[in-house]
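Report on the following structure.
The values are calculated or read from the model by the stated rules, or taken from the named source; none is laboratory data. The shown structure was predicted, so the numbers you read here are calculated from the model rather than taken from an experiment. Positions of Cβ are generated from backbone atoms using ideal geometry, with glycine treated the same way; all protein chains shown enter the neighbour counts.
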Amino acid sequence: MVKFFRRKKGLQLFGLISPGALWILLFFNLPLLIVLFISFVQRGRAGGIKLPPVYTLENYRQLFNACISKFAGPACDRFLYIGIFGHSMRIALIVTFWCIILGYPLAYFISRRRPIWRDALMVLVIIPFWTNFLVRTYALKQVLATEGLFNSFFMGLHLINQPLDLLFNEFAVIIGLIYGYLPFAILPMYTSIEKFDHSLMEAAADLGAPPRRAFLRVMLPMTLPGVIAALVLVFVPVVGAFITPDIMGGGKIEMIGTLINRQFGVSRNWPFGSSMSLILMLMVLIGVVAYFRSGGEETRRAM
Amino acid sequence: MTSEFAVEMHDVVKRFITPEGGSLAAVNHVTMQIKDGEFFSLLGPSGCGKTTSLRMIAGFELPTDGKILIHGKEMSQVPAFQRPVNTVFQQYALFPHMTVEQNIGFGLEMKGVSRSERSMRVSEALEMVRLPGMEMRRPKQLSGGQQQRIALARALINKPEVLLLDEPLGALDLKLRKEMQLELKTLQREVGITFIYVTHDQEEALTMSDRIAVMNKGVALQIGRPEEIYERPANKFVADFIGETNFLDGIVKERKGSIIEIELTGTGMICVESSRAFTNGQQVSVAVRPEKLRLNSEIKDGNNLKGRVEDVIYIGTDTHYGVRFAGGQKVRVREQNVLHGHHELLHTGDEVSVSFTYVSPRILTE
């Protein structure tokens, strides 16, 4: 009897898990293996891959040795792609930094309201999620455009004499990314700060800690899991972003995301796009694993 | 040290805005002076303003009106982190991400005391609260009683001019509470620091304090030594809140020397010694403690009233009786079971005489 029930329980568990597991397996894990496979074969002439497959390491070598011989003669820039990787990292770090700097005080402010206000304010943070990301980015583009809201307003006030170049540069990309990803930073930090016991700040003050030191010594370390979660949740998607750099950068700002996007589009170089995707994934993976290994237990829960 | 008082509150008011938009005076014109080296308790039911008063002394709240002085220095504009006081919080508020050593050493760290001296003084402080060798533990790994001692050590290590304690024993079980009460009192005598102790437990306040302020609805109703508060309560609230009291309604008939004659409603005349002035015909309440009443042992030159036993509760050390007088007023009587066998228990329905001296009762007008 007991055995029967135990087996029945096992069956139930299997029934509950398998649909989700199958989904992940079929549509995430399997495609990943396909990407891995493609990254090690030669490209096809009109996109796709060469059939039958010819195995090669060229796609990875190319990352470190970029020769765009076709158009510009045999001009090689050994660090072209590495540079773009570095550049993407830099932009992602700047965006993450500002999302945390801007998000933390806001998350703190919201967490200190009375429950009814708290919920209302959190809804205001979340509502933008319901608008299409593309629409929001185009809207921001209109605000920053030469004839856009921002320039018109300040020209109208005669604070500036000619429109500022706010679009199609790195600044625009960074503004666009901060704009798009700020809520992702606020949510996990809010969760951490809301759980924080504020009598601990009183205790710190009572023991002679000025506000800044009390914050650095007590509140920040205790809400750090939320900050780290915010860091991961913003940095990972931003480093691979391609819509925002494409729209806000007007094709002038190259990031890993736009580069990969191009390999699967106009360049028709699936294998090279695949190898870049995998290198990007590997870099993020190493970063996240390194963090969790260094005692990020709390963070995992905060996420 | 420019003042004999450790802490002075002068006409302090604290108003809060209620969620409904109204204004509530949590502390309403409180004036008190706490002497240097004193164990002073703020006693009252929840919401009486005792914790708010403490928080204003600590600097967590600023008074709406009035002045707070610590050793003669005006504190209104001084932020909490610059005040010469330390607090033991109700829920201890130990820093969970720090070790016991880091917790206790936090105040010294803020003062810039060197690591080696800090470590030495932390182990001394741990000795003082009898938890030596606990330096590397985390607060989570300690029992409630141990956390309580760590919180105490964390505050006392800074040698504050005044130690503020906000119901520090509230979360402990009864036995541990009793132990800690004595320990705290002993500790206070040893270190000689002024303690201001917030509690809603009247027994705790009576046990530990040099003086007590009884508070209700934001007002300090009476400030005095435990025996003053108990024996000579200023009003009905204090008499009722501290210990058990019988209230008998009556009317002042006339004064005869030091004796006031009072007609108890429906029960008869009693005499109470009092030096205070009353007008004839004044409506008063006579408060008399249950342990000051005697059954069936009449007192010459005392009050002796007839009544009937309504209930008997035997609780080992004492027996409690409910006795109703002919006029309908009822009293509780507490008799110690000194000589059982000789002193027969009374039974429900027995006719008894209830006796008390002229000095036992207290006449209250409010």
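The figures follow:
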| read-out | value |
| --- | --- |
| Matching option when the condition is of a type in the set (S, T, N, Q) and not assigned by TED's automatic domain parsing to the domain that holds residue B:357, among B:199, B:279 | B:199 |
| Where a residue in segment A:89-112 is over 14 Å from residue A:187 (Cβ atoms) and its partner, wherever it lies, is outside any helix (DSSP H, G or I) and not charged (D, E, K, R), with Cβ under 9 Å and at least six apart | A:91/A:241; A:91/A:253; A:91/A:255; A:92/A:240; A:92/A:241; A:92/A:255; A:95/A:241; A:112/A:198 |
| Residues of segment B:313-338 that turn out to be closer than 18 Å to residue B:361 by Cβ and aliphatic (A, V, I, L, M), as a count | 3 |
| Matching option when the condition is aromatic (Phe, Trp, Tyr) and either within 14 Å of another protein chain (Cβ to nearest Cβ) or within 30 Å of residue B:105 (Cα to Cα) (or both), among A:184, A:154, A:196 | A:196 |
| Criterion (in contact with a strand residue (DSSP E or B) (Cβ under 6 Å, 6 or more places away or on another chain) and either of a type outside the set (A, V, I, L, M, F, W, C) or touching a residue at least 12 places away in the same chain (Cβ under 8 Å) (or both)) met by exactly one of B:151, B:125, B:80 | B:151 |
| Considering residues of segment A:225-238 that are surrounded by fewer than 24 Cβ atoms within 10 Å (Cβ to Cβ) and under 15 Å from residue A:108 (Cα atoms) only, the residue farthest from the other protein chains (Cβ to nearest Cβ) | A:227 |
| Total residues in segment A:135-155, condition within 17 Å of residue A:174 (Cα to Cα) and in a helix (DSSP H, G or I) | 10 |
| Count - residues of segment B:89-111 that are more than 10 Å from every other protein chain (Cβ to nearest Cβ) and part of a loop (DSSP other than H, G, I, E, B) | 1 |
| Options A:205, A:241, A:209: the member that is farther than 18 Å from residue A:101 by Cα, aliphatic (A, V, I, L, M), more than 7 Å from chain B (Cβ to nearest Cβ) and crowded, with 20+ Cβ neighbours inside 10 Å | A:241 |
| Matching residues, segment A:190-202, being of a type in the set (S, T, N, Q) and either surrounded by fewer than 19 Cβ atoms within 10 Å (Cβ to Cβ) or more than 31 Å from the chain's Cα centre (by Cα) (or both) | A:199 |
| Residues (surrounded by 17 or more Cβ atoms within 10 Å (Cβ to Cβ) and within 21 Å of residue B:172 (Cα to Cα)) located in segment B:123-144 | B:126, B:128, B:129, B:131, B:134, B:139, B:142 |
| Pick from segment B:216-239, criterion polar (S, T, N, Q) and under 22 Å from residue B:359 (Cβ atoms), ranking: modelled with the lowest pLDDT | B:235 |
| Residue check for residue A:258: within 14 Å of chain B (Cβ to nearest Cβ) and among the β-branched types (Val, Ile, Thr) | no |
| The lone exception for residue A:171 - which of (1) within 14 Å of another protein chain (Cβ to nearest Cβ); (2) free of Cβ contacts under 8 Å to residues at least 12 places away in the same chain it fails | (1) |
| Filtered residue count, segment B:70-88, keeping only those that are buried (at least 21 other Cβ atoms within 10 Å of the Cβ), within 7 Å of chain A (Cβ to nearest Cβ) and either over 20 Å from residue B:165 (Cα atoms) or of a type outside the set (Ser, Thr, Tyr) (or both) | 2 |
| Tally of residues being under 19 Å from residue B:124 (Cβ atoms), more than 14 Å from chain A (Cβ to nearest Cβ) and of a type in the set (A, V, I, L, M) across segment B:143-192 | 3 |
| Filter result for residue B:227 (in contact with a strand residue (DSSP E or B) (Cβ under 7 Å, 6 or more places away or on another chain), over 29 Å from residue B:24 (Cα atoms) and exposed (fewer than 15 other Cβ atoms within 10 Å of the Cβ)) | no |
| Out of B:50, B:67, sole residue that is within 18 Å of residue B:12 (Cα to Cα), loosely packed, with under 15 Cβ neighbours inside 10 Å and within 28 Å of the chain's Cα centre (by Cα) | B:67 |
| Members of segment A:214-224 found to be at the interface with chain B (Cβ under 7 Å from one of its Cβ atoms) and within 16 Å of residue B:109 (Cβ to Cβ), listed by number | A:218, A:221 |
| Criterion: surrounded by 15 or more Cβ atoms within 10 Å (Cβ to Cβ), in contact (Cβ under 8 Å) with a residue 60 or more places away in the chain and under 26 Å from residue B:227 (Cβ atoms) - qualifying residue of B:333, B:359, B:272 | B:272 |
| Within segment B:141-158, tally of residues that are at pLDDT below 95 and among the charged types (D, E, K, R) | 1 |
| Matching residues, segment B:271-301, being of a type in the set (Ser, Thr, Tyr) and over 33 Å from the mean Cα position of the chain (by Cα) | B:297 |
| Residues of segment B:9-53 that turn out to be polar (S, T, N, Q), in contact (Cβ under 8 Å) with a residue 12 or more places away in the chain and more than 14 Å from chain A (Cβ to nearest Cβ), as a count | 6 |
| Any hit, segment B:54-69, residues being more than 14 Å from chain A (Cβ to nearest Cβ), in contact with an Asp or Glu (Cβ under 9 Å, 6 or more places away or on another chain) and charged (D, E, K, R) | yes |
